[in-house]
Amino acid sequence: MSKIIEAKGITKRFGGVVAVNAVDLSVEKGQIVGLIGPNGSGKSTMVNLVTGELLADEGGLLFNGHDISRMPLYKRARLGMARSFQMLRLFHSLSVEENLVLASHMRMTTSVVDSLFGRAAAREETERARAKARELLAWFDLQEFAERPVTAMSIGQQRMVEIARGLMSEPTLLVLDEPAAGLSPPNVDKLIVLIRRLRDEFGISILLVEHVMRVVRDLCDRVVVLDSGQKIAEGVPDVVVKDPVVVEAYIGSGWKRRAQA
Amino acid sequence: MKPYLIGLAVALVLAVAPFVLGGYETNVLMMMLFFVILAVGLDLVAGYCGQFSFATGAFYGLGAYTAAIMSRDLGSPIWLNLPAGAVVAGLFGLLLGIPALRLKGHFLAIVTIAFQTIVYLVISQWTSFTGGQVGVSLPNPAPLTAFGVTLVQLGSLRSYYWLTLAVAVICLLLAWRLAHSRLGSEWIAIRDDETLAAAVGIDTTRGKLTAFIASAALAGVAGVLTAHAMRGVTPDDFTIWISATVVAMMVLGGRGTFIGPILGAVFLVLMPEVLGRLAEYKMLIYGSLLVLAITLMPEGVIGRLRRRAAR
């Protein structure tokens, strides 16, 4: 199977702290790969290194075979990478629909100058983006919010808008950073179904950072476990969660060992 | 269509105004139009794109000095000076945009103040080129001619006022289109959350630089119009006081609302005229209004009204 994203020996230091230490991580086409680990294990740093908010100090990063290790954020997005954020991030002064339409600007073929002079082709293209945004919102059962400000929605709904925004640009890789955080248990069930459909119906490969074990066990083809910036385990979820090293990192003497250091 | 019709109606009223008003009032209206262009220009970069700038006065001056020096050295007419002033100011806008790629908030504001100061120092000290404190004087604007036939006389106050009005309408139309184009919504995205904007594939470098260029070019156009209207330029016409006044216009009216800064400019230019002798204290009044607005109504008058309406 071909790899959508492949990180080799990624290292990131913040001053003297090694946040991510020589981690290998890959997501194959059509897979859902989980990235788990205790708080402060480097998951968010790893995600930010993959999406381009941070640049790695060492190591290589391939996306669909392209070297993207020095590529800025917006160019990675243009290559087909979309993400959601742990802390919800939406454009607050814009409507829900406008939030989605912005995510498809990079796919538009008419130029900004066409849009400036209100040329028919540009207007039609924006109309198509709007129609697509509404279609996606309907898919998430949020169509009635299209013209309202994003702040009019609940946290759970805003999270769905973040995922819908990710779909607008037809990505090949979707990076979801703790999508279940703050969701009620019934909504977590819905989320699990939804993420599986993203893979099955849209054919999107997914890198999933998650704390809620149920989500990880239900969805992931493979999980990578980080602890103190190191990869400590990798494999099928049911096997990995029973791995003594992983158990120790989460609840065992892991914190004691760190306290001594 | 509605905003265009309202704009057209206002422009028509302004166009017939000189028939009822005297020379002094016409001059005040003309000054008001200069500031409307400046305030809308600042709104593009600071209101829409969220990049605060205290350098409006500098770009205004760069436009004005471009017109004055080109007239002096090349004898060029106003219709050539207008695009030239926009281009020169726009290029300096690009220059100021470069630090904005790395700096945010207060730090960027300080850099724009520094830029304003540098431009002022250069135009006041480079005596051989800019005339120093004395400045440069301009001849009466030559009539607009084509193939030897005079199309428009620009020598009289009235005709020059109409030219100003026409240029202002074009500037506002362009700014309106920019703000409501795809580029305009990218500016808003950058203002709201720059990291998110980049994460959804928006080229934030292009966004910020275009906002700085557009804003500076508009100020440059206002500068050219002012230079020809005043028949001359001096460094003290383009100080940081101008920048501060334009900031006050934008903030009072409402950042990123388009109409707000226009109303702010109209209000702050006309206010000293009705104050009589109190007009001497206008900077004090502007300052107080600005402090009050930022404390009580940071989104400005129009911003507040819109939020009310949205509820």
As I understand it, the value is the acute angle between the Cα axis of helix A:155-168 and the longest principal axis of the Cα atoms of chain A; what does it come to in degrees, rounded to 10? 70 degrees
For chain A, projected area of the alpha-carbon convex hull averaged over all directions, nm²: 15.2 nm²
Across A:Gly166, A:Gly40, A:Gly16, the residue with the highest GNM fluctuation in chain A (Cα network, 10 Å cutoff) is A:Gly16
Any chance you could list P(r) for the protein assembly as shown, counting all Cα-Cα pairs in 20 angstrom bins from zero, rounded to whole %? 19, 43, 27, 11, 1
Can you give the helix-only mean residue ellipticity at 222 nm for chain B, where every DSSP H stretch with n ≥ 4 adds -39500 (n - 2.57) and the sum goes over all residues, rounded to the nearest 500 deg cm²/dmol? -24500 deg cm²/dmol
Grab the beta carbon distance between B:Thr127 and A:His66, set R0 = 56 Å, and tell me the FRET efficiency rounded to 0.05. 0.50
Can you return the aspartates and glutamates within cross-link range of B:Lys104? Criterion is Cα-Cα under 19 Å, with same-chain partners fewer than 8 residues away left out. A:Glu53, B:Asp43, B:Glu186, B:Asp192, B:Asp193, B:Glu194, B:Asp203
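What is the Cα radius of gyration of the stretch A:91-155 over 2.2 N^0.38 Å, N being its residue count? Intermediate results must be reported in sequence, preceding the final value.
Numbers: Rg = 12.7 Å, N = 65, 2.2 N^0.38 = 10.7 Å.
For the stretch A:91-155, the normalised Cα radius of gyration comes out at 1.18.
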Going by alpha carbons, how many degrees (0 to 90, nearest 10) lie between the helix axis of B:240-253 and the longest principal axis of chain B? 60 degrees
Using a ≥ b ≥ c from the Cα gyration tensor of the stretch B:211-311 (square roots of the eigenvalues), is it rounded, prolate or oblate, where a/c under 1.5 gives rounded and otherwise the larger of a/b and b/c decides, a/b for prolate? oblate
Global size of the stretch A:118-252 as Cα Rg and Dmax, reported in angstrom: 18.2, 64
Counting pairs of Cα atoms in chain B, how many percent are more than 32 Å apart? 25 percent
Can you tally the lysine pairs in chain A where the Cα-Cα distance is under 25 Å and the two residues are eight or more apart, or on different chains? 28
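Would you mind putting B:160-173, A:218-231 in packing order, based on average other-beta-carbon counts within 10 Å, highest first?
Top to bottom by mean Cβ count within 10 Å: A:218-231, B:160-173.
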Could you work out how far helix B:105-125 tilts from the main Cα principal axis of chain B, as a 0 to 90 degree angle to the nearest 10? 20 degrees
So what's the gap between the Cα centers of the stretch A:174-195 and the stretch A:101-169, to the nearest angstrom? 22 Å
Taking the Cα centroid of the stretch B:49-124 and of the stretch B:196-210, what is the distance between the two, rounded to the nearest whole Å? 23 Å
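Read the figures in this text as sums done on the coordinates, not as results from a lab. Every value quoted in this text rests on a predicted model; they were computed, and no experiment measured them. Glycine gets a Cβ as well: all are built from the backbone with ideal geometry, and neighbour counts include every protein chain shown.
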